[in-house]
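Quick notes on the structure that follows.
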Amino acid sequence: MALSKNDIINLTITSTSADGSGVGKTQDGMAVFVPLSAVGDELEVRVLKAKKTYAFGKIERIVTPSSARIEPDCPVFSKCGGCVWRHVSYDEECRIKHQKVVDAVTRIGGIKDAVFSPIIKNDNVSRYRNKAQLPVGADKNGNLLIGFYAFHSHRIIDCNDCLLQPEIFAKVISVTRSFIEQSDNDIYDEKTGKGRLRHLYIRMGEVTKELMVCYVVNGNGLKQEDILIKMLRENLPALTSVIINTNRNDTNVILGEKNRTAFGRDYITDELCGLKFKISPFSFWQVNRSQAEKLYNKAKDYANLKSDEILLDLYCGTGTIGLTMAKECKTLVGVEIISDAINDAKENAEINSINNARFICGDASSAAEQLKNEGLKPDAVILDPPRKGCGEDLVKTIFEMSPSRVVYVSCDPATLARDLKYFEEYNYSVKEITPCDMFSRTAHVESVCLIEKN
C-alpha cells in the first residue's frame, strides 16, 4: 500500500542511515527514515514525505522503547544540527559507527578479507571539542541569538552552553552577550548584508589551556573594543589572544582573509604526541586532540617505519600526522594545496627541531606525480584526504611510486570504501581497518586503514 503524507504507521526500527536517522520497513518493504529513533524502537510514526520507494517520518509515539535508549541530556538536542546520538547509550553509538564503516567497506568497496579492529572509543564523550564557530543573529523580535544552525538551515538555535564544548566557552558566550547588550554594535543580517557582528569563533589548547577568542565582523572592527577586551580579561584568566577577523563577503564561509590582533598573540599553542604546535584562526587543528592522538598513534603503528625509510604525507595540512612520525624515518615529505598550511607545517617542524622534513605546496595528485618524476621512492604513504577522498588518479600515481605500505586516514566511510576498491585494483591489499570515534554524539566516524603492496 502506498504511503501518503500524515499517514500514521506502526514501525520497528532495524537499522540507521548515514546521517543518524533510524530506518524501519513497512510490510510492503518500503524504507522509512525516522530521526531521533533507535534500533529496537517500536513506534507510531507520522509520514512527513512519501516517495515511490522510501519515506520520511517523525515519531508520533514510542510504543516500546529500544533497550539502547537513554534520556537526552541537552535542552537543544533535536533542534540544533550538531548531535544525533544523545538519545542512545554510548556503547550503542559505537556499535552503529563501527557497523557503518564495515558496511561501507564491504558493500561499496567489495573488500572481503580485511580485518576490522574494535572502534577506538572516546574517553570523554562530552566537553571534548577545542573549537567553536557560533553564528550571531537576532530573532524576529530583535532578541540576540548566539548558537548553532538548525539541521539543513541557517536558522540559529540559541545555546548558552553546548555539552560538546569546554565550560569556559560558555563563559566566553556569556561575556560576549553582555557586551553586545550594553554596546551599540549591531548584528549582521544575512538577508540584507547589513550589520556588523557575524560569528563568534573560539579555540582552546587542551594541554596548554590557552584561549583564543575571535570575532568575525562585517567591517574593520567592533565599536568599544577596549571595553570588550577588558570584560574578557576580567572573566577569562586563560585569555591569550583576541582576534578581529574581517569578512565583508556575501558567503557561507565563516572567516575572511584579514585578521587583526586586538589583544595578546595572534596564535595559541597546544601539544600533540609530544610535539608543540602553533594554532592561528586559519590553522587546521583536530577539534578532539585526545582522540587525534590515539588515531595518529594507530596510524604510526600501521606505518611501521624504519630509520632508513622515506615517508610521503599527502594532504599533510599543517604537518601534524607526518611530524609525529618524522623521528621514525629518514625523510618526511609533506604535500598540501593550502599555502598557509604549508607555512605552518614548516614552522611546526622548526619549533620541534625536526630537520628531516620537506613540505611542498600543491595539489596532492600533481605533487605526487612531480615527486614520482623526480624519482622519489617512498617506502610508506600517509593519506588524510578531505571528505571527497582521493580518487583513482591519485591511487594510480601512488601505485606507480610503489610504496610497500599506505596508511589511509578517512573521515568518510563511503569515499574510503571507493578508494580502497581502487587500491585493490592496483595490486594492493587492504589488511586492517580501525574505526575511531572522534566526534562523539554526532553522526561522523573516522577510520585508519593499513594497505599493503601485494
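The values are calculated or read from the model by the stated rules, or taken from the named source; none is laboratory data. Bear in mind that the values here come from a model prediction, so they are computed numbers and not experimental data. Neighbour counts are summed over all protein chains in view; Cβ atoms, including those assigned to glycine, are modelled from backbone coordinates with ideal geometry.
Thr240 passes every criterion in (1) touching a residue at least 40 places away in the same chain (Cβ under 8 Å); (2) over 29 Å from Tyr408 (Cβ atoms) apart from (1). Is it the case, given these coordinates, that Thr251 is surrounded by fewer than 21 Cβ atoms within 10 Å (Cβ to Cβ), without any contact (Cβ under 8 Å) to a residue 12 or more places away in the chain and not aromatic (Phe, Trp, Tyr)? Here the answer is yes, as Thr251 does meet what is asked. A single member of Asn160, Asn141 is among the polar types (S, T, N, Q), touching a Gly at 6+ places or on another chain (Cβ under 9 Å), without any contact (Cβ under 8 Å) to a residue 24 or more places away in the chain and loosely packed, with under 15 Cβ neighbours inside 10 Å, and it is Asn160. Are any of the residues in the range 368-379 of a type in the set (Gly, Ala, Ser) and either touching a Cys at 6+ places or on another chain (Cβ under 6 Å) or surrounded by 24 or more Cβ atoms within 10 Å (Cβ to Cβ) (or both)? Yes, the conditions are met somewhere in the range 368-379.
Residue-by-condition table, conditions (1) under 20 Å from the mean Cα position of the chain (by Cα); (2) among the β-branched types (Val, Ile, Thr); (3) more than 19 Å from Gln165 (Cα to Cα):
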site: Asp91; (1), (2), (3): no, no, yes
site: Cys94; (1), (2), (3): yes, no, yes
site: Lys100; (1), (2), (3): yes, no, yes
site: Ala104; (1), (2), (3): yes, no, yes
site: Lys112; (1), (2), (3): no, no, yes
site: Val125; (1), (2), (3): yes, yes, no
site: Ala132; (1), (2), (3): yes, no, no
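Assess whether Arg86 counts as being surrounded by fewer than 17 Cβ atoms within 10 Å (Cβ to Cβ), within 20 Å of the chain's Cα centre (by Cα) and outside any strand (DSSP E or B). No. Screening the range 69-83 for residues that are without any contact (Cβ under 8 Å) to a residue 40 or more places away in the chain and over 21 Å from the mean Cα position of the chain (by Cα) and picking the one that is surrounded by the fewest Cβ atoms within 10 Å (Cβ to Cβ) gives Glu71.
When the test is whether a residue is in contact with a helix residue (DSSP H, G or I) (Cβ under 6 Å, 6 or more places away or on another chain) and either at pLDDT below 95 or of a type outside the set (A, V, I, L, M) (or both), Glu225 does not pass it. Scanning the range 350-402 for residues that are in contact (Cβ under 8 Å) with a residue 24 or more places away in the chain and acidic (Asp, Glu) yields Asp363, Glu369, Asp379, Asp384, Glu392, Asp393, Glu400.
When each of Ser37, Ser66 is tested for being out of contact with any strand residue (DSSP E or B) (no Cβ under 6 Å at 6 or more places or on another chain), in a loop (DSSP other than H, G, I, E, B), of a type in the set (Ser, Thr, Tyr) and surrounded by 16 or more Cβ atoms within 10 Å (Cβ to Cβ), the lone residue that passes is Ser66.
Scanning the range 28-48 for residues that are more than 25 Å from Gln99 (Cβ to Cβ) and modelled with pLDDT under 95 yields a single hit, Asp28. Among residues of the range 17-33 being touching a Lys or Arg at 6+ places or on another chain (Cβ under 8 Å) and under 16 Å from Lys58 (Cβ atoms), the one that is surrounded by the most Cβ atoms within 10 Å (Cβ to Cβ) is Val32.
Between Phe116, Phe77, the distinction of being modelled with pLDDT under 95 and among the aromatic types (Phe, Trp, Tyr) belongs to Phe77 only.
Among the criteria (1) modelled with pLDDT of 95 or more; (2) in contact with an Asp or Glu (Cβ under 7 Å, 6 or more places away or on another chain); (3) within 20 Å of Cys273 (Cβ to Cβ), the one Gly317 does not fulfil is (1). Within the range 181-195, can one find any residue that is over 28 Å from Ile157 (Cβ atoms), assigned to a loop (DSSP other than H, G, I, E, B) and among the polar types (S, T, N, Q)? No; the residues of the range 181-195 include none that is over 28 Å from Ile157 (Cβ atoms), assigned to a loop (DSSP other than H, G, I, E, B) and among the polar types (S, T, N, Q).
Is one or more of the residues making up the range 250-260 more than 25 Å from the chain's Cα centre (by Cα) and assigned to a loop (DSSP other than H, G, I, E, B)? Steps first, please.
Here is the first cut: in the range 250-260, the ones more than 25 Å from the chain's Cα centre (by Cα) are 260.
Adding the requirement that they be assigned to a loop (DSSP other than H, G, I, E, B) leaves none.
Among the residues of the range 250-260, not one is more than 25 Å from the chain's Cα centre (by Cα) and assigned to a loop (DSSP other than H, G, I, E, B), which makes the answer no.
Among residues of the range 309-321 being assigned to a strand (DSSP E or B) and of a type in the set (A, V, I, L, M, F, W, C), the one that is farthest from Val115 (Cα to Cα) is Ile310.
It is to be established whether one or more residues within the range 331-341 are crowded, with 16+ Cβ neighbours inside 10 Å, of a type in the set (S, T, N, Q) and not in a helix (DSSP H, G or I). Checked against the condition, which is being crowded, with 16+ Cβ neighbours inside 10 Å, of a type in the set (S, T, N, Q) and not in a helix (DSSP H, G or I), the range 331-341 yields at least one hit. Evaluating Lys306 against the criteria (1) surrounded by fewer than 16 Cβ atoms within 10 Å (Cβ to Cβ); (2) in a strand (DSSP E or B) leaves one unmet condition, (2). Comparison of Lys230, Lys300, Lys258 shows that the only residue that is charged (D, E, K, R), out of contact with any strand residue (DSSP E or B) (no Cβ under 7 Å at 6 or more places or on another chain) and not assigned by TED's automatic domain parsing to the domain that holds Lys346 is Lys230.
Tell me, yes or no, whether the range 49-57 has at least one residue that is at pLDDT below 95, over 26 Å from Asn6 (Cβ atoms) and assigned to a strand (DSSP E or B). Checked the range 49-57: no residue is at pLDDT below 95, over 26 Å from Asn6 (Cβ atoms) and assigned to a strand (DSSP E or B). Screening the range 98-133 for residues that are in a loop (DSSP other than H, G, I, E, B) and among the hydrophobic types (A, V, I, L, M, F, W, C) and picking the one that is surrounded by the fewest Cβ atoms within 10 Å (Cβ to Cβ) gives Val125.
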